[in-house]
Amino acid sequence: MSRFAYVNGRFTRHRDAAIHIEDRGYQFADAVYEVIAIQNGSFVDEGPHLDRLDRSLGELRMAPPVARSALKRILRETVRRNRVRDGIVYLQVSRGVARRDHAFPAHRKSSLVVTARSMKPKSAALADGVVVVTTEDIRWKRCDIKTVGLLPNVLAKQRAVEAGAYESWMVTPDGDVTEGTSANAWIVTAGREVVTRPPTNAILNGITRRTVRAIAEREGYAVVERVFSLNEARAAAEAFLTSTTSHVMPVVRIDDRPVGDGRPGPLTAALQADYAAHAGMAHPDTA
Ligand code: PMP
């Protein structure tokens, strides 16, 4: 089946889609993005994702390429043309094309690229949970902005892949866990506190993170937003990660040590099921 991409006002075949060599996204990583899940043909948490896009654009003083209503139409058309029922839509906004010069160009013509693809929910294939390794967090001080400047994340993820792990949790020089390369990090303490790092400039405030937090509170769990250390994570009863594509994913091993008894924990499993219901998916147990 042919795939289609939206590039600056036009749909083209995915394999022919191209952006100018002096696009600032290409030159400087001067671009932001979002990934939104599509489940059973519906967008999951679209509003919060588009709110976060607006925030990223605002923090970087980048012009929105089109109004939100037009963007929503473009996203739907991209999903429709690619016949995605379960998968993701990716959108990227850059500060546009200009002669290479660090300072902002005089024009405010942002570039917009949108792609979509089908994807099976990962939770079904990884029902036994995943392994994470740890790497030093070498990123900048504005990890709250969802930019395409992802080189530290790329390097950390590659380490995970080479170690046979699913994800890498990044750790500060003080020994605290910030987040994964493309997912937020959570632990459940022996006292059944559900802990995740507060959304400061040190992490991306994940949309899945926010939804899972609200679900956990609704279910009456003790949710605590605080910094936690790698040592605490190693001693935790349960651990998991959250993201648009991984949903709620149990973490059963950190580096060479099992988390708890090395199997997905009960609280994690409950949150996984609740999140699946929120996102309108069949839960792995019933799929
Ligand atoms: N942290 C980072 C660094 C990420 O790239 C992502 C995925 N975009 C997340 C966390 C999870 O965010 P979300 O739940 O919005 O997908």
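The values are calculated or read from the model by the stated rules, or taken from the named source; none is laboratory data. Only a predicted model underlies this, so the values are computations on that prediction, with no experimental measurement involved. All Cβ positions, glycine included, derive from the backbone under ideal geometry; neighbour counts span all protein chains shown. Ligands, DNA and RNA are stripped out before the accessible areas are found, and what is left, the full protein with its side chains, is counted by its heavy atoms. Shrake-Rupley method; radii C 1.70, N 1.55, O 1.52, S 1.80 Å.
Data for the structure
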| item | result |
| --- | --- |
| Prolate/oblate/rounded label for region 45-153 (Cα gyration tensor, a/c 1.5) | oblate |
| Cα-based convex hull, region 75-234, per residue volume (Å³, whole number) | 174 Å³ |
| Average projection area in nm² (convex hull over Cα atoms of region 156-206, one quarter of hull surface) | 4.4 nm² |
| Total charge dipole magnitude, region 151-219, about the Cα centre, Cβ charges on Lys, Arg, Asp, Glu only, Debye to nearest 20 | 200 debye |
| 222 nm mean residue ellipticity, helices alone, for the chain (DSSP H n ≥ 4; -39,500 (n - 2.57); rounded to 500) | -8500 deg cm²/dmol |
| Magnitude of the charge dipole, region 100-159, Cβ model with Lys/Arg +1 and Asp/Glu -1, debye to 20 | 300 debye |
| Rounded accessible area per residue of the chain, 1.4 Å, Å² | 48 Å² |
| Percent carbon-and-sulfur accessible area, region 1-130, ignoring ligands, DNA and RNA, probe 1.4 Å | 49 percent |
| Compactness of region 12-79 as Cα Rg over 2.2 N^0.38 Å, two decimals | 1.24 |
| Mean projected area in nm² (Cα convex hull; one quarter of hull surface) for region 153-277 | 7.2 nm² |
| Dmax and Rg, reported as Rg then Dmax, of region 101-190 (C-alpha, Å) | 16.9, 56 |
| Dipole in debye (nearest 20) - region 195-266, about Cα centre, beta carbon charges: Lys, Arg +1; Asp, Glu -1 | 160 debye |
| Rounded to the nearest 10 Å², the accessible area of Lys122 at probe 1.4 Å | 60 Å² |
| Kirkwood Rh (inverse of mean 1/r, distinct Cα pairs), region 228-287, angstrom | 12.1 Å |
| Top of Pro266, Pro199, Pro152 by mean-square fluctuation, Gaussian network on the chain, Cα under 10 Å | Pro266 |
| Descending semi-axes in Å of region 120-172, equivalent ellipsoid built from Cα gyration tensor | 23, 14, 10 |
| Whole-percent pair-distance distribution, where bins are 10 Å wide, for the alpha carbons of the chain | 6, 27, 34, 23, 9, 1 |
| Pairs from Lys72/Lys141; Lys120/Lys157; Lys109/Lys146 whose Cα-Cα separation, in the structure shown, is over 23 Å | Lys72/Lys141 |
